[in-house]
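Engineer: Okay, here's the structure, questions in a sec.
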Amino acid sequence: MGIDVNGARFLLDAGHNGVVFDICATLGRQELFVSAEELRMIFGRFSLPMSGENATRVAGSQGGKRYAESFLDLCGAKQIVSFDNSDYESAAVVHDMNREVPGEYHGRFDCVIDGGTLEHVFNFPVAIRNCMRMVKPGGHFLAMTPCNNFMGHGFYQFSPELFYGVFSESNGFSVERMFIFESRPNAQWYRVADPKRIGGRVELVNSAMTYLLVQARRVAVRDLSDITPQQSDYVLMWDEKNPSAVMRGDDPVISAFTRFKGMLKGNLRRAARVIPVESLRTPFCRPWYEPYE
C-alpha cells in the first residue's frame with residue numbers, strides 16, 4: 001500500500017479539481033514511494049512551490065519506512081486517520097474492512113483514499129460500502145487500484161464498470177473522473193468512458209501492469225444496505241428484450257471476432273461501438289479511452 005509518482009500526481013490533480021483533504025481517511029497506513037526530485041517535478045507540474053529542503057523532508061525516511069502523512073499535509077490534510085487490520089504499521093484505527101465499520105466513522109471524512117488495499121480484502125462489497133459510508137456528503141472517495149496484469153497480487157483486479165456501477169446516482173455518488181495508465185513514471189493517462197454511456201463494454205488487452213484512478217463524489221445520502229450494480233450492457237439487453245445481442249465469450253482476445261460476427265447479425269451499430277476497429281492498433285482506443293494531459 002503506497003503512493004508512487006502517479007499516485008502523488010493523482011492526489012495533487014484531485015485537489016486541483018475540487019477534492020478537499022481536510023479530514024482524510026486512508027485504507028492502510030500509506031507509504032510514500034517518491035523521491036525528493038520526483039516530488040519537486042510533480043509540484044512544479046501544478047505550479048506549486050516545493051523547495052529542495054522541503055522535498056527532502058517529505059521524501060525522507062520515517063522510522064525505516066517513508067510514510068505519506070507529510071505529503072498528505074501538503075495536499076491540505078489537517079487530520080489523517082489510517083485504518084488497517086493490524087497495528088504493524090501503527091495505523092490509527094485497527095479494523096478489518098471485511099466487517100462493517102463502526103457508525104462513529106460514518107459521514108466523518110472529507111476524503112477516503114484507497115492506495116492499494118481493496119484488492120486485498122476478500123469481502124469487497126462490505127469494504128467498498130464502508131468507504132462510501134465514511135465519506136461526508138460533498139466529500140470524495142479516491143482510489144489508485146490495479147485493473148490489469150496483476151494476477152496474484154491480491155484477491156482481485158478491478159474493471160472500470162465496477163466503480164461506475166457502485167458509485168452511481170442510485171447509491172448517492174457520482175464518478176467525476178476516472179483514469180487508466182500503464183505503470184511507469186512518465187505514463188500517459190487516459191480518461192475512461194462509462195460503459196453505460198457508450199452502450200458497450202470498456203475492455204483492455206495489454207501486456208503491462210495497469211492501474212485505475214477513481215475520483216467519486218458523494219452527492220446525496222442514500223440507504224447503502226444494498227449497493228449491488230448490474231453490468232450495463234446486460235441491463236440494456238434485458239430492457240430491449242433482444243437475446244440475439246448477448247455477447248458470447250469472456251476472453252477478449254480469443255472471442256472478440258466471434259462476438260463481433262454474432263453482434264453483426266443483431267445490431268451493427270452497437271457492435272461498432274463495442275468492438276472498435278482502432279482496438280487492433282492500440283489498447284487505449286476511442287471511444288473507451290481519451291488521452292489526458
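Engineer: Taking the highest mean first, how do the peptides 192-199, 222-229 order by number of other beta carbon atoms within 10 angstrom per residue?
Structural biologist: 192-199, 222-229
Engineer: Going toward the positive end of the dipole of segment 2-218, with +1 on Lys and Arg Cβ and -1 on Asp and Glu Cβ, which of 175, 11, 86 do you reach last?
Structural biologist: Positive-end residue among those listed: 175.
Engineer: Can you run phi through the Karplus equation (6.51, -1.76, 1.60; θ = phi - 60°) for segment 205-218 and list ³J(HN,Hα) in whole Hz, with x for Gly and Pro?
Structural biologist: Per-residue couplings from phi come out as 10, 8, 10, 10, 4, 10, 10, 9, 10, 10, 10, 10, 10, 7 Hz.
Engineer: Sequence-distant or interchain residues sharing an amide H contact under 5 Å with residue 149, placed H: which?
Structural biologist: Placed amide hydrogens put nothing under 5 Å from residue 149.
Engineer: Divide, for segment 1-96, the radius of gyration over alpha carbons by 2.2 N^0.38 Å, where N is the residue count.
Structural biologist: On the way: Rg = 13.1 Å, N = 96, 2.2 N^0.38 = 12.5 Å.
Here the answer is 1.05, to two decimals.
Engineer: Report the charge-dipole magnitude of segment 156-231 in Debye, nearest 20, computed about the Cα centre from +1 at each Lys and Arg Cβ and -1 at each Asp and Glu Cβ.
Structural biologist: Details: 9 positive and 8 negative charges, 45 e Å.
Its charge dipole is roughly 220 debye.
Engineer: Among the chymotrypsin sites (Phe, Trp or Tyr not before Pro) in segment 19-123, which ones are in a DSSP loop with at most 14 other Cβ atoms within 10 Å of the Cβ? Mind listing them?
Structural biologist: Details: sites: 21, 33, 43, 46, 67, 71, 83, 88, 105, 109, 122; in loops: 21, 33, 46, 88, 122.
When the chymotrypsin sites (Phe, Trp or Tyr not before Pro) of segment 19-123 are filtered for loop state and at most 14 Cβ neighbours within 10 Å, 46, 88, 122 remain.
Engineer: Something else about it: Among DSSP beta bridges whose residues both lie in segment 79-197, state the antiparallel percentage, nearest 5.
Structural biologist: Working: 2 of 10 bridges.
In segment 79-197, DSSP labels about 20 percent of beta bridges as antiparallel.
Engineer: Do any GluC sites (Glu not before Pro) in segment 84-182 lie in a loop, going by DSSP, with at most 15 other beta-carbon atoms within 10 Å of their beta carbon, and if so which? Could you put the intermediate results ahead of the total?
Structural biologist: On the way: sites: 89, 100, 104, 119, 161, 169, 176, 182; in loops: 89, 100.
The qualifying sites are 89, 100.
Engineer: Okay, next question. Size of the dipole of segment 2-218 about the Cα centre, Lys and Arg at +1 and Asp and Glu at -1 on the beta carbon, nothing else charged, in debye to 20? Write down the numbers at each step before the final one.
Structural biologist: Values: 21 positive and 24 negative charges, 93 e Å.
Dipole of segment 2-218, to the nearest 20 debye: 440 debye.
Engineer: Between rounded, prolate and oblate, where does segment 2-218 land on the alpha carbon gyration tensor, with a ≥ b ≥ c its root eigenvalues, rounded for a/c under 1.5, else prolate if a/b exceeds b/c?
Structural biologist: On the way: a/c = 1.45, a/b = 1.16, b/c = 1.25.
Cα axes put segment 2-218 in the rounded bin.
Every number here is computed from the coordinates shown, using simple stated rules; none is lab data. Note that this is a predicted model, so its numbers are computed, not measured. Positions of Cβ are backbone-derived with ideal geometry, glycine not excepted, and every protein chain shown enters the neighbour counts.
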